[in-house]
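Have a look at the structure below before the remarks.
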Amino acid sequence: DVKVTQSSRYLVKRTGEKVFLECVQDMDHENMFWYRQDPGLGLRLIYFSYDVKMKEKGDIPEGYSVSREKKERFSLILESASTNQTSMYLCASSLTGAIEAFFGQGTRLTVV
Amino acid sequence: QKEVEQDPGPLSVPEGAIVSLNCTYSNSAFQYFMWYRQYSRKGPELLMYTYSSGNKEDGRFTAQVDKSSKYISLFIRDSQPSDSATYLCAMSAGQGAQKLVFGQGTRLTINP
C-alpha cells in the first residue's frame with residue numbers, strides 16, 4: 001500500500017512563527033503536492049514538485065515555500081505564519097502521468 | 001467563477017436511500033473525472049474515475065459524465081452509514097495528478 005505520512009496531525013503556532021510541515025512517501029513517486037483544505041473552498045494547490053529540488057507554484061503559493069531535498073520528502077514552510085493560514089494541510093504524491101494522487105492524513109494547523 | 005462547482009451540502013439521507021452527488025465544470029478540456037471520498041480526520045482516497053463521457057459502475061457506486069452539459073454525477077445505491085463522508089469531485093485535462101482541479105466537496109451523512 002502507498003503510504004503518505006505527515007509528521008503532525010495537529011499544530012498550534014503563534015503569529016509570525018516560521019512553521020515547517022513535513023511529508024514522507026514510501027512508493028518512490030516522482031510527484032509530491034501540498035494542498036490546503038478550507039470549508040466551502042475545497043482543496044487548493046499550494047505547490048507541487050515533480051523531482052528532487054524541482055518545484056512549481058500552484059494556485060495559492062503566497063506566504064508559503066517548499067523544499068524537496070530527497071525524493072521521498074516534501075516540506076511546506078510558512079515563513080511567517082498568519083491567522084489566515086489556519087487550515088487543514090494535505091500532502092499527496094503520485095507517479096508521473098498517473099491521475100491518482102495518494103493523500104496523507106492531513107495536518108490541522110491553527111495560528112493564534 | 002470556479003472551474004469546478006460542487007454543492008457543499010450538507011446532505012443527510014436515511015439508510016438505504018439512493019444518493020446523487022453532482023458537479024458542474026466550465027473547462028471543456030477536462031478528460032478525466034474522479035470522485036474522492038474523505039472520511040472525517042482522514043485524507044481523501046480515490047473512489048472511482050471515468051475517462052471522457054459515459055457511465056462507470058463499481059458495486060453500489062455509479063459515476064456518470066455528460067460532457068455536453070459539463071455535468072458529472074456520483075450515485076450511491078442502498079446507502080450505508082459507512083458511506084458517511086465528504087465526497088470531492090476532481091477533474092484533469094490529462095496532464096496527470098499535478099493538474100487536478102477539485103470541487104468544494106459535499107458532506108454526506110447516512111442516518112441508520
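Bear in mind that the values in this text are calculations on the coordinates, not laboratory data. Because the structure is predicted, anything quoted here is derived from the model rather than measured. Cβ: placed from backbone, ideal geometry, glycine included. Neighbour counts: every protein chain shown.
Taking 0.36 nm per intervening residue step and subtracting the Cα-Cα distance, what contour gain separates residue B:78 from residue B:46 on full extension?
Value of the extension gain: 9.5 nm.
Can you give me the P(r) profile for the range A:1-102? Cα pairs, bins 5 angstrom wide beginning at 0, each as a whole percent.
Calculated P(r), rounded to whole percents: 3, 13, 25, 26, 19, 10, 4, 1.
Treating each Cα of the protein assembly as shown as an identical point scatterer and ignoring solvent, apply the Debye formula and state log10 I(q)/I(0) at q = 0.09, 0.10, 0.18 Å⁻¹.
Each listed q corresponds, in turn, to -0.36, -0.45, -1.32.
What is chain B's relative contact order, in percent, from Cα pairs under 8 angstrom and six or more apart in sequence?
In percent, rounded to a whole number, it is 37.
Please average, across the residues of A:93-104, the number of beta carbons from any other chain that are within 10 Å of each residue's own beta carbon, and give a whole number.
The shielding value for this peptide is 6.
Could you state the number of Å between the C-alpha centres of the range A:53-74 and the range B:42-94?
Distance between centres, Cα-based: 29 Å.
Could you sort the peptides A:30-36, A:85-91 by per-residue average Cβ neighbour count (10 Å cutoff), highest mean leading?
My ranking of the peptides, most packed first, is A:30-36, A:85-91.
Sticking with the crude label model, points 7 Å out along Cα→Cβ, report the distance from residue A:41 to residue B:17 in nm, one decimal please.
Calculated label separation equals 3.0 nm.
How high is the FRET efficiency between residue B:68 and residue A:69 when r is their beta carbon distance and R₀ equals 41 Å, given to the nearest 0.05?
0.30
Using a 10 Å cut-off around each Cβ, can you sort A:111, B:65, A:52 from fewest to most neighbouring Cβ atoms?
Lowest count first: A:52, A:111, B:65.
Contact order normalised by length for the range B:3-59, with contacts defined as Cα pairs under 8 Å and 6 or more residues apart; what percent is it?
Relative contact order, the range B:3-59: 26 percent.
Based on alpha-carbon positions alone, could you give the equivalent ellipsoid semi-axes of chain B from the gyration tensor, as √(5λ), descending, whole Å?
23, 14, 13
Report the local net charge at residue A:45: Lys and Arg +1, Asp and Glu -1, summed over other residues whose C-beta lies under 10 Å from its C-beta.
Counting the neighbours of residue A:45, the net charge comes to +2.
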